[in-house]
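Derivation of every value follows stated rules applied to the coordinates shown; laboratory data play no part. Keep in mind that what you see is a predicted model, and the values were worked out from it rather than measured. Here Cβ is always computed from backbone atoms with ideal geometry, including for glycine, and neighbour counts include all displayed protein chains.
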Amino acid sequence: MRLIKAPLVLCGCALVPLAPTFARAEAPAPTFTVELEVADRPARGAPDTLRLLFTISDRGCSSASARRDPVRYEVTVCREGGDASAPILGFTVERAENSREGNSLKKLRSTARVALGVRRTVGRFGFGDGSITEIAATVR
């Protein structure tokens, strides 16, 4: 019995269709930090400001609750579009107050384009006694 020693040649082109194809990895969606200020400015006396920080990714939402008797806040911030330099954000702010003088509930929904590093007022509540609650956002 005689063995033939022939060189072994593989054709790489035949293996190409069998190679797995890899999709290109997309760049991660930009993540933003949104600083939200809720400033209660009474008709008389010093203002009281609540500062909240939210981290929001592509088309994501973030929410928080805060309570300082007699006032309670429920806040939600969502990214609704825009680009990396000026995202479009949706805000929902609910302010509830339970005091001896009575109860009040105010709810604000607002959508705004907020440029990076620029403080923008996105809403304001006015009350009959002259007090104001103002909501401002800064995106970083």
Go through (1) in contact with a Gly (Cβ under 7 Å, 6 or more places away or on another chain); (2) under 18 Å from Thr138 (Cβ atoms) one by one and return the number of the condition Leu52 breaks.
(1)
Residues of the stretch 56-88 satisfying the condition of being within 14 Å of Val38 (Cβ to Cβ) and of a type in the set (Val, Ile, Thr)
Val71, Val75, Thr76, Val77
